[in-house]
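Reviewing the structure listed below.
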Amino acid sequence: MAAIYITEPGCVVGISNRQIVVTKNKIKQLQEPLIKIDRLVLIGNIQITAQAVGVLMEEGIDVSYLSRSGRLRAKLLPVESKNVFLRVAQYERYLDDEFQTRMATILVEGKIHNACALIRRYMHNYPDMNFESELQSIAKSLDKLQTFHSVDEIMGVEGISTAIYFRTFGKMFRGNLTFEKRTRRPPKDPVNAILSFGYTLLTNELFSLITAHGLDPYIGFLHGLSYGRPSLALDLVEEFRQPFIDRFTLSLFNNDVLTEEDFVPVENKGIYLTDDARKRFFEHYERRINESFTLPNTDTETTFRKQFRTQVVRMAQAIQQKKTYQPFRIYE
């Protein structure tokens, strides 16, 4: 199963004989059987017929509408899970200060572990680079987690370790490209543009899985409550940032899949990928997300897309059974 990304302005998405059919000016651009699709992502000015919407919802295929810059505008989702007992348990766990603090600690530990693992892997591949002092600084932040008893304090540790990590991350680009710090809304350079785009797509996938499984995507533990913010999806994003999106970003630029020429500035809106570069991005994104790898210390093969589902199931079990959540760790 895969996601289909429609990026060509003016395209119309329809249904014919159990297949998605994409046309532009009545000329067929794409045709794909429904059985091969698990989500449809529409970027920019794309139309979809009412018939297509009805069939996609019946088949459990969600539809996401993104702006040209990658901002999620809207989602069409099939009827949500009827597991009301899971959602009640989720609300109860959110009101349980001890559970919430423990979950927030575990999520940040997982994120920091993956950040350090990415740095060590890079040092292994490029012995001329030494980030031991940065790793030691991040390790000190990790040690502090065990002494804190509120989500605000835990978020403070996460912020400090993330700042150190991104300063290190910026030194991993091998060409002339520079990355000094994380900027958002809008991203001001190519690396930030790709990071933001990738994080948006990741959040979107997790949001869909969380909803389909019966959890409330807006009730999180690390990110807490904020109007309109999918906090639980953002909680789960944390453990996949470095092993998936950050590594993917490094690969795109260090292997010259994308270069600075693939981006154009838009007044007051930051940096955008060109149309051709966006298509290239999605080709590599789908390839990476469906690429098989072996879980650490096991013989189990998986993909990131499969692992997203695994983590949502683990989160549901932790909530319903008051179990300790096991975050995703790609390296040991």
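Just give me the residues in the range 40-76 being polar (S, T, N, Q) and under 16 Å from the mean Cα position of the chain (by Cα), in sequence order. I'd like the intermediate steps shown before the answer.
The first filter runs over the range 40-76 and keeps only residues polar (S, T, N, Q), leaving 45, 47, 49, 51, 64, 67, 69.
Matches in the range 40-76: Ser64, Ser69.
Table: residues versus (1) outside the structural domain of Thr259 (by TED's automatic domain parsing); (2) in a loop (DSSP other than H, G, I, E, B); (3) surrounded by 21 or more Cβ atoms within 10 Å (Cβ to Cβ).
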site	(1), (2), (3)
Ala117	no, no, no
Arg121	no, no, no
Ser137	no, no, no
Lys140	no, no, no
Met155	no, no, no
Ser161	no, no, yes
Thr178	no, yes, no
Pro187	no, yes, yes
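Could you identify the single residue in Pro190, Pro186 that is touching an Asp or Glu at 6+ places or on another chain (Cβ under 6 Å), in contact (Cβ under 8 Å) with a residue 60 or more places away in the chain and farther than 18 Å from Gln242 by Cβ? Spell out how you get there, then give the answer.
Details: Pro186 fails: touching an Asp or Glu at 6+ places or on another chain (Cβ under 6 Å).
Going through Pro190, Pro186 in turn, just one is touching an Asp or Glu at 6+ places or on another chain (Cβ under 6 Å), in contact (Cβ under 8 Å) with a residue 60 or more places away in the chain and farther than 18 Å from Gln242 by Cβ: Pro190.
Among the residues of the range 124-174, what is the count of those that are without any contact (Cβ under 8 Å) to a residue 40 or more places away in the chain and among the basic types (Lys, Arg)?
So the count comes out to 3.
The values are calculated or read from the model by the stated rules, or taken from the named source; none is laboratory data. Because the structure is predicted, anything quoted here is derived from the model rather than measured. Cβ coordinates were reconstructed from backbone atoms using ideal geometry, including for glycine residues, and neighbour counts include every protein chain displayed.
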